[in-house]
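Just so it is clear, none of the values below were taken in a lab; they were calculated from the coordinates. Nothing here was measured: the structure is a model prediction, and the numbers come from that model. Virtual Cβ from ideal backbone geometry, glycine too; neighbours counted across all protein chains shown.
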Amino acid sequence: MIKSSAQREGSHVLLVEDHKLNQAVARHFLEHCGVQVTIANNGSEAVAAVKNQLFDLVLMDLQMPELNGYQAVAEIRKDNQYKDLPIIALTAHAMEGEQERCLAAGMNDYLTKPFALADLKQILIKWIVPSISNSQAEIQVNLEKLVEQLGKESAMVPLDAVIRLVPERLDKLTDALRTNDREMAKQQAHGLKGSLNVYGSSQLSKLLYRIEDGDYMDSEADGIISSLENELGLALKLAQKMRDSLNTSS
């Protein structure tokens, strides 16, 4: 199995793209995410690069000279040591069936160009687990998507609500867990899950689902409370930071 460079500082991504402007934009986004970038200008260079360096992920354009993306992936997947290397298709085609064709060709996922920074971050979070996938990065992406979808002014409403209501709900939930009041814990977990559904972390969501379903032992309460306080504290901190940023820019 191919070794992961995620154990080193930062992660290493191979960007396979023949268009110079697209290279520059994608490199800027990747470096903004703290990722080391190597560029291959076509499929042939990509195959050679994969064989000579360690990468955590490959972003593969489909339409290129010499070897196109499909052909390059086929060459890479011939070597079993690269079977777990995440390869993400980059295409300008949003046609029905294109994603299925990419997956059938041996790619792991799909990004349609032009893509937003938030979309790229989601891919990194999903596929470069050790170095990028953490609650802070995940929550930050979700907050950015919230603002992008609602606009700055409208996004202030749910942010204000979370900042105002979540601390009280957390206090009630932790009290219920400490006193083994499962019915109250279930109610508060359900309320928090609804409040944070848009931009909480997946780890927080899992914790709240466990509590709501009663899928824990009383002896686990202290550990669950500690995890909740960490995850919710982070969510509140980032929500407040985003709100302050929106206030400053308005």
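For the chain, with the dipole built from +1 on Lys and Arg beta-carbon atoms and -1 on Asp and Glu ones, taken about the Cα centre, which of L120, Y209, M156 lies farthest toward the positive end?
Positive-most Cα among the choices belongs to L120.
Could you give the angle, 0 to 90 degrees to the nearest 10, between helix 135-150's Cα long axis and the longest principal axis of the Cα atoms of the chain?
Approximately 90 degrees, to the nearest 10.
Using the Cα gyration tensor of region 5-133, with a ≥ b ≥ c the square roots of its eigenvalues, what is the shape: rounded (a/c below 1.5), prolate (a/b larger than b/c) or oblate (neither)? Each step should come with its number before you reach the end.
Details: a/c = 1.32, a/b = 1.12, b/c = 1.18.
Because its axes are fairly even, with a/c under 1.5, region 5-133 counts as rounded.
So what's the angle, to the nearest 10 degrees on a 0 to 90 scale, between helix 43-52 and the longest Cα principal axis of the chain?
Relative to the chain, helix 43-52 is tipped by roughly 70 degrees.
On full extension of the chain, what length is gained from V157 through D79, given 0.36 nm per residue of separation minus the C-alpha to C-alpha distance? Intermediate results must be reported in sequence, preceding the final value.
Values: separation 78, 0.36 × 78 = 28.08 nm, distance 5.18 nm.
Gain on extension, V157 to D79, equals 22.9 nm.
Cross-link partners among lysines for K78, C-alpha distance below 20 Å, same-chain residues fewer than 8 apart left out?
The qualifying lysines are K3, K51.
Suppose every Lys and Arg Cβ carries +1 and every Asp and Glu Cβ carries -1, with no other charges. What dipole size does the chain come out with about its Cα centre, to the nearest 20 debye? Provide the component values of the computation, followed by the final result.
Working: 26 positive and 35 negative charges, 54 e Å.
Here the chain has a charge dipole of around 260 debye.
Where does the chain land at 222 nm, in deg cm²/dmol rounded to the nearest 500, when only DSSP H runs of n ≥ 4 count, each adding -39500 (n - 2.57), divided by all residues?
Using -39500 (n - 2.57) per qualifying helix, the result is -19500 deg cm²/dmol.
P(r) for region 68-194, please, calculated from all Cα pair distances in 5 Å bins and given in %.
P(r) over region 68-194, rounded to whole percents: 2, 9, 13, 13, 13, 13, 11, 8, 8, 7, 4, 1, 0.
How long is the gain from T179 to H32 if the chain were fully straight, where each residue apart is worth 0.36 nm and the alpha carbon distance is subtracted?
Numbers: separation 147, 0.36 × 147 = 52.92 nm, distance 4.52 nm.
Difference between extended and current length: 48.4 nm.
Taking all pairs of distinct Cα atoms, average 1/r, flip it, and tell me the Kirkwood hydrodynamic radius of region 142-242 in Å to one decimal place. Before the final figure, lay out the partial values.
Working: mean 1/r = 0.0725 Å⁻¹.
Kirkwood radius, region 142-242: 13.8 Å.
Rank the residues E98, E229 as a footprinting-exposure proxy: fewest other Cβ atoms within 10 Å of their Cβ go first.
On the way: E98 16, E229 12.
By the 10 Å Cβ count, ascending, the order reads E229, E98.
In nm, to one decimal, how far is the modelled label at D171 from the one at E100, with both set 7 Å along Cα→Cβ?
The modelled label-to-label distance comes out at 5.4 nm.
Find how much the distance from Q187 to A116 grows on full extension, using 0.36 nm per residue of separation minus their present alpha carbon separation; answer in nm with one decimal. Write down the numbers at each step before the final one.
Numbers: separation 71, 0.36 × 71 = 25.56 nm, distance 3.69 nm.
Length difference between fully extended and current span is 21.9 nm.
Angle, helix 202-213 long axis vs. longest principal axis of the chain, Cα atoms, 0 to 90°, nearest 10?
Roughly 40 degrees between the two axes.
Mind checking the dipole of region 5-133: about its Cα centre, +1 per Lys or Arg Cβ, -1 per Asp or Glu Cβ, Debye to the nearest 20? Before the final figure, lay out each step's value.
On the way: 11 positive and 16 negative charges, 42 e Å.
For region 5-133, the charge dipole is close to 200 debye.
Just name one of T38, Q71, L90: the one whose Cα is farthest towards the positive end of the charge dipole of region 5-133 (beta-carbon charges, Lys/Arg +1, Asp/Glu -1).
Checking the options against the dipole of region 5-133, the answer is T38.
To make sure I understand, if each residue's beta carbon is the centre and we count other beta carbons within 10 Å, what order do V157, V50 fall in, fewest to most? Kindly include the intermediate steps, with their values, before the conclusion.
Working: V157 10, V50 24.
Least crowded to most crowded, the residues run V157, V50.
Skipping prolines and chain starts, which residues have an amide H placed within reach, meaning under 5 Å, of the one on S11, given they are 5 or more residues away or on another chain?
So S11 has HN proximity to Q36.
How do S226, S195 rank when sorted from fewest to most other Cβ atoms within 10 Å of their own Cβ? Kindly include the intermediate steps, with their values, before the conclusion.
Details: S226 11, S195 18.
If I rank by nearby Cβ atoms, fewest first, I get S226, S195.
Would you mind computing Rg(Cα) / (2.2 N^0.38 Å) for the chain, counting N as its residues?
Values: Rg = 21.4 Å, N = 250, 2.2 N^0.38 = 17.9 Å.
Rounded to two decimals, the normalised Rg is 1.19.
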